[in-house]
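**Student:** Have a look at the structure that comes next, please.
The values are calculated or read from the model by the stated rules, or taken from the named source; none is laboratory data. All values derive from a computational prediction rather than experimental measurement. With ideal geometry, Cβ positions are generated from the backbone for all residues, glycine too; neighbour counts draw on all protein chains shown. For accessibility, only protein heavy atoms count, side chains too; no ligands or nucleic acids. Shrake-Rupley method; radii C 1.70, N 1.55, O 1.52, S 1.80 Å.
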Amino acid sequence: MKQVHNFNAGPCVLPRAAVEKTAQALLDLNGSGMSLMEISHRSKDFEAINNECIALWKELLGIPEGYHVLFLGGGASLQFCMLPYNLLGKKAAYVESGVWAKKAIKEAKFFGEVSVIASSSDKNFSYYPAIPAIPGDVDYLHITTNNTIYGTEFHGSIDSSPVPVVADMSSDIMSRPVDVSKYGVIYGGAQKNVGPAGVTFVIVKEALLGKVQRAIPTMLDYRTHVAEKSLFNTPPVVAIYAMCETLRWIKAQGGLQAIAKLNRQKAEALYSYLDNESKMFVGTADKASRSLMNICFVMTEKYKDKEEEFMSAAKAAGMVGIKGHRSVGGFRASTYNALPLASVQALVGCMREFEAKFA
Ligand code: PMP
């Protein structure tokens with residue numbers, strides 16, 4: 001197989017072991033003579049996978065009693081609406097830290113009043129805005145912990161009690177330990193750190209459910225999925241299987257402490273090149289807000305016309321997915337859990353070599 005360095009922003013690189021085990025199960029699940037795609041979602045085999053996957057979520061994140069782990073469809077984008085459907089009675093507070101947060105805000109407005117209590121739109125979302133005191137009259141505070149497009153991440157700790165915090169953790173879930181007890185809901189699409197596209201995780205605190213007055217359609221009511229252990233309708237069986245294998249791999253690496261250490265090393269390798277060595281490339285995110293998952297950089301004014309040439313050189317050296325999102329430009333290296341440190345070192349090597357040609 002061709003060797004590449006996969007910096008895609010999501011879907012993205014997955015642990016090789018998870019890909020191989022899923023590929024095997026697609027051919028023959030546990031010697032059953034059937035593909036993973038051919039079994040019933042009500043079978044013992046799938047029940048075991050579903051249960052193990054829930055147990056791994058609970059174990060790896062240390063999820064306390066009183067929370068449920070749900071696997072749903074529709075992506076994080078459906079949660080932008082499902083969440084306020086279930087939780088927004090009158091008013092909610094939102095932090096506008098990027099495009100995904102803006103999309104969440106837009107959907108919440110269908111259900112009630114939205115107060116945007118902090119925003120970094122004034123500087124094209126290049127920093128994580130400080131979160132002020134949370135108004136007492138809101139049903140929840142919504143934050144996006146990692147802004148995939150702009151490469152900023154929430155590094156603070158949060159305690160907004162009695163107001164529950166709700167977080168879109170699509171792009172930094174399972175990249176580091178999180179104190180789940182500080183959150184009311186955590187959700188995201190799986191397709192970065194925890195699996196392939198097609199499954200959405202929702203960790204929800206039981207005590208928050210059933211408080212809004214409105215009627216909620218069955219499929220959009222969290223209580224349906226809590227009651228049915230995410231088996232109310234046919235779940236994305238293959239994606240859940242691959243997620244389970246991905247979580248097994250995280251556990252085998254030593255869990256989230258060990259994963260976080262490796263993620264810090266990877267980010268440090270690239271940021272320190274940008275900060276201490278490079279005259280050609282510069283990071284776009286404010287230093288205090290830098291993401292450990294998505295590292296955005298551009299060429300300095302003097303070398304701006306070299307961006308395309310660098311892109312070709314990087315491609316030739318096996319780098320995949322480093323084109324920056326159009327709203328930031330330049331480059332973005334996503335360094336999710338399964339990306340090896342060697343890939344970051346290869347990218348830095350490639351940048352260094354390119355730079356040496358013009359220095
Ligand atoms: N939130 C964030 C932070 C994201 O990065 C993304 C996707 N990149 C989304 C939400 C949307 O996720 P989905 O495509 O699963 O709807």
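**Student:** To make sure I understand the rule: partners must be lysines, Cα under 28 Å from the Cα of residue 21, and not fewer than 8 residues away in the same chain. Which ones qualify?
**Tutor:** The qualifying lysines are 2, 44, 58, 192, 229, 251, 261, 266.
**Student:** Rounded to whole Hz and in sequence order, give me ³J(HN,Hα) for the range 211-222 from the Karplus expression 6.51 cos²θ - 1.76 cosθ + 1.60, θ = phi - 60°, writing x for Gly and Pro.
**Tutor:** These are the phi-based 3J(HN,Hα) values: 9, 6, 7, 5, 7, 10, x, 3, 5, 9, 8, 3 Hz.
**Student:** Run down the lysines and flag those whose C-alpha is under 21 Å from the C-alpha of residue 91, throwing out any fewer than 8 positions away in its chain.
**Tutor:** 102, 103, 106, 109, 182, 205, 211
**Student:** Here is a follow-up. So, in Å, what gap is there between the alpha-carbon centers of the range 282-359 and the range 55-112?
**Tutor:** 31
**Student:** A further question on this structure: Put +1 on the Cβ of each Lys and Arg and -1 on the Cβ of each Asp and Glu in the chain; which of 273, 73, 119 then has its Cα farthest toward the positive end of the dipole?
**Tutor:** Positive-most Cα among the choices belongs to 273.
**Student:** Let me ask something additional. By what distance, in whole Å, do the Cα atoms of the chain stretch along each of the three principal axes, largest value first?
**Tutor:** 64, 57, 30
**Student:** Accessible area per residue, 1.4 Å probe, Å², for the chain: what's the number?
**Tutor:** Value for the chain: 44 Å² per residue.
**Student:** Which residues' amide hydrogens lie under 5 Å from the amide hydrogen of residue 67, considering only partners 5 or more residues apart or on another chain, with H built in the peptide plane?
**Tutor:** 206
**Student:** May I ask you to list, by number, the DSSP H helices of the chain whose Cα span along the axis is at least 15 Å and whose average Kyte-Doolittle hydropathy reaches 0.5 or more?
**Tutor:** 75-87, 237-252, 341-358
**Student:** Using the Karplus curve 6.51 cos²θ - 1.76 cosθ + 1.60 with θ = phi - 60°, work out ³J(HN,Hα) for each residue of the range 141-158 in order, rounded to whole Hz, and write x for Gly and Pro.
**Tutor:** 10, 9, 10, 10, 6, 9, 9, 3, 7, 9, x, 10, 9, 7, 9, x, 10, 9
**Student:** Hey, if you put +1 on the Cβ of every Lys and Arg and -1 on every Asp and Glu Cβ in the range 201-302, which of 235, 260, 212 ends up farthest toward the positive end of that dipole?
**Tutor:** 212
**Student:** Under the rule of at least 5 residues apart or a separate chain, name every residue whose amide H is placed under 5 Å from the amide H of residue 323.
**Tutor:** Here 332 satisfy the definition.
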